[in-house]
1. Determine which single condition B:Leu302 fails, assuming it passes every other condition in (1) crowded, with 18+ Cβ neighbours inside 10 Å; (2) among the aliphatic types (A, V, I, L, M); (3) away from chain A (no Cβ under 11 Å).
2. Being touching a Pro at 6+ places or on another chain (Cβ under 8 Å) and within 14 Å of chain B (Cβ to nearest Cβ) is the filter here; which residues of the stretch A:381-408 pass it?
3. Going through the stretch A:301-312 one residue at a time, which ones are under 16 Å from A:Phe103 (Cβ atoms) and touching a Phe, Trp or Tyr at 6+ places or on another chain (Cβ under 9 Å)?
4. What number goes with the only condition from (1) within 14 Å of another protein chain (Cβ to nearest Cβ); (2) open to solvent by 10 Å² or more (accessible area, probe 1.4 Å); (3) assigned to a helix (DSSP H, G or I) that A:Ile462 does not pass?
5. Give me a count of the residues in the stretch A:362-401 that are within 18 Å of A:Ala442 (Cβ to Cβ) and part of a helix (DSSP H, G or I).
6. Looking for something open to solvent by 30 Å² or more (accessible area, probe 1.4 Å), more than 30 Å from A:Ala300 (Cα to Cα), more than 14 Å from chain B (Cβ to nearest Cβ) and out of contact with any helix residue (DSSP H, G or I) (no Cβ under 9 Å at 6 or more places or on another chain) - is there at least one such residue anywhere in the stretch A:431-440?
7. Looking at the stretch B:277-295 only, could you name the residues that are more than 19 Å from B:Ser28 (Cβ to Cβ) and either at pLDDT 80 or above or buried (at least 19 other Cβ atoms within 10 Å of the Cβ) (or both)?
Amino acid sequence: MSEQNLPGRPDEAQVPKVGVDAWVATHAERVHATRLQQWIAQVPRPAFYLAFGIAAALLPAITNDGYVIRVGFDTVLYMLLALGLNIAVGYAGLLDLGYVAFFGIGAYGYAMLSSPKFGIHLDTLFVIPIAIIGTAIVGFLVAIPSRRLLGDYLAIVTLFFLQLFVTVTQNGNKISVLGLTRGYDVTGGPNGIPDLDNWDLAGLKIGSLNGYYYAMLVTFLLCLGAVYLIDQSRTGRAWKSLREDPLAAELMGMPVNRLKILAFAIGAGIGGLAGTLFAGLNGAVFSADFDVPTLIIVYAMLILGGAGSIGGVILGALVVNVSLEVLRTPGHATWIFYVALLAGLLAKLRPWRVLAVVLGGTIAFGYAVHAVATSAWPSGVHGEPSIGGWLGRGLSGWQLEPTQPRNIGNWAFIALVLAVLVLTLLQGWWRRLALIPTLYLASFVWDNRLVVEPSITRLILIGVILIVLMNARPQGLLGSARVEIV
Amino acid sequence: MNWNLFVTELVAGITHGSVYALIALGYSMVYGILKLLNFAHGDVYMVGAYIGYGWITVFGGSFAMHANPVLILVLMFVTAMIGCGLLGMMIERFAYRRLRSAPRIAPLITALGVSFFLENAAQLVLGAQQQQYNPFGWLKGPIALHGWKLPSGVLLSYAHAIIVAGTIVLCVLLTWFVQRTQTGKAMRAVSFDREAAAMMGIDVDRVIVVTFFIGSALAGAAGVFNGIEYSQVFPTMGFQAGLFAFTAAVVGGIGNLPGSVAGGVLIGLAESFSTGYLSSTFQQAIVFAILIAVMLVRPSGLFGRAAVQKV
């Protein structure tokens, strides 16, 4: 598209037609798109979902590794969870912080209806609708008190609800009526509910990991189709309009409260459905699986992919879950760390001269520090690098590896946080120069402290993802819509 | 009726209510000015408790203090308040400032991220286990003056007295600051109408920074108070305290400072009586029930005025 064809701003020469903001209406044409992006924009969305479904269905054909299939199952499970959360957060703009409680209710519902706990062994074909409708009703009840109020109140009520759910399930092994009757064991308390039945769909028993993987995938694709259809429907448009401007939506005659509660309840129902699958595969439920960390992880997926975008849900869950999984092995984690660091620098530092200066500077800086430390602080270089192979050998000549990394690693972590904050304040060459010691410090902290404690590191990274994304790219990877909470 | 139990629970409720009140003030101030629910506030309180704990470790650990306890207490307070105030300013500057005109959901999710980051960073640096916080034996002992003693069975310790008195002093100082000083006036103006205040020449950025500093400093003091009463700190302590304190702010009318204090004491009493007379597992359910009831019956809070929303 040449420069002359671009429409001018409406306040320049032409006066926009009444009711049409020409500048906004032609937005898509002005966006500079490559050939590939134009081609992608023309393909109908469902084709992508179908392609994803086929690719995901081939996973068990590619590998027999149970671990990989299990990670695949979890990833699709997270996709389903993020899809449900997307309805409340992305479409209707409601900050639902009790979402994992609905997931938990679905799982506990399945556990109570198909285990020796109460001696009930219902057909899964009955349990699924009960779980979905039951969770949707609970969601409806939770949403009602805050229906007239600001979104902030909904956030705190739902967060409280989640906290309460965890407490109740953790202490639910001695529930008595106001302390008057003897304690009844309802949820198994901290021991959870074990020995769950496998899925049994009217005689079609699902027993293997592959079976659950396919059940998960089919469920997800069905939900994806349903959500896509809702998205295209009158209700979907109504949600988006009330997210963009609730006042205007109300003036157009939309039942704003009913729409919000509907979105909340549908999201909760999908969470409940995900819970039945999770409980079915695990064979046991524990309240710890339905706590705040899970919630934040699902939020990170949704935000990373882009709230309001179905494709973003798939991408976000894939990226976050697979990278969290890779972080579990220190060897892989270190590789991922340096590759990600390099990729980030390649993407952010332009022109290449700057990149060369920063990279070269960091390497030189590292060798200089290492040389000084060898003579001044011998115990600072004799520790073990976190990884073997040539990367580890390279690192041990460059990076400091204290023999007692714990304490100094902690201080270095705090210093790193401060350094990154200072970095955001600097501009131009000062920032590029300050980047050099910061990169070295980051590598030091990673190698000596973070990689040793993967379970905390992944949660810290999730927190960082949320903060950085919201500040730098609130629409996520695929999202474009702006999300307003009311 | 068992009066000893009643008085003990009353004292515990008012004391813990004071801690909630101090946290709730920070929530309320930030909400009043930015309309932002600062989820990270509970974790600022946790950091305050750990700063106090740091001094205990510096002076010889929990059971072998080798310095004047009053001096240590003062040190703990001053540094916890200043440290938390600075932390609050940093959170505002680096996480929230750029999002001030963004859609409402963006700063909320950022606040969640900050809270999660602080909690887990504390777990990494300080360890996940609980730390003992009990340096001063006399603090936990019952109050005794000139031979006069409390009836046995009533638990009213010096710690309780210090916490309540400290809270009252801080509240008086805050009221004086908000009502009498130039900056306090600017704060009220910004909270009333940010744009109009900016047009009147008020430096809104500065006011917001001051608000975060004061609110977070109060949370830091609350952290130390909680430490000397409950004798333990752990990285996730801020979550439930933050939730309860937010409930207190809502109950009192969010944005209303005296209301937040009253709400805090009310929540503290509800928590302590439900623990004493029912069971500690019920306290969350009861506080949640209070929150829902207030929101259904009087959404503007017990002391708040109904908000008229301009469009």
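1. It is condition (1) that B:Leu302 fails.
2. Residue satisfying the conditions is A:Ile408 alone.
3. Going residue by residue through the stretch A:301-312, those that are under 16 Å from A:Phe103 (Cβ atoms) are A:301-302.
Within the stretch A:301-312, just A:Met301 meets the criteria.
4. So A:Ile462 meets the others, but not (2).
5. Pass one, the stretch A:362-401, residues within 18 Å of A:Ala442 (Cβ to Cβ): A:362-370, A:373, A:380, A:383, A:385-387, A:391-392, A:394-396, A:398-401.
Subset that is part of a helix (DSSP H, G or I): A:362-370, A:373, A:380, A:391-392, A:394-396, A:398.
Of the residues in that region, 17 qualify.
6. no
7. So in the stretch B:277-295, the residues more than 19 Å from B:Ser28 (Cβ to Cβ) come out as B:277-286, B:288-289, B:292-293.
Result: B:Tyr277, B:Gln283, B:Gln284, B:Ala285, B:Ile286, B:Phe288, B:Ala289, B:Ile292, B:Ala293.
A quick yes/no check of all residues on (1) basic (Lys, Arg); (2) in a helix (DSSP H, G or I); (3) under 24 Å from A:Val339 (Cβ atoms):
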position	(1), (2), (3)
A:Thr403	no, no, no
A:Asn407	no, yes, no
A:Leu423	no, yes, yes
A:Trp430	no, yes, no
A:Leu435	no, yes, yes
A:Asp447	no, yes, yes
A:Met470	no, yes, no
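The values are calculated or read from the model by the stated rules, or taken from the named source; none is laboratory data. Bear in mind the structure is a predicted one, so any value in this text is a computation, not a measurement. Every residue, glycine as well, gets a Cβ built from its backbone with ideal geometry; the counts of neighbours run over all protein chains shown. SASA here: full protein model, heavy atoms, side chains in, ligands and nucleic acids out. Shrake-Rupley method; radii C 1.70, N 1.55, O 1.52, S 1.80 Å.
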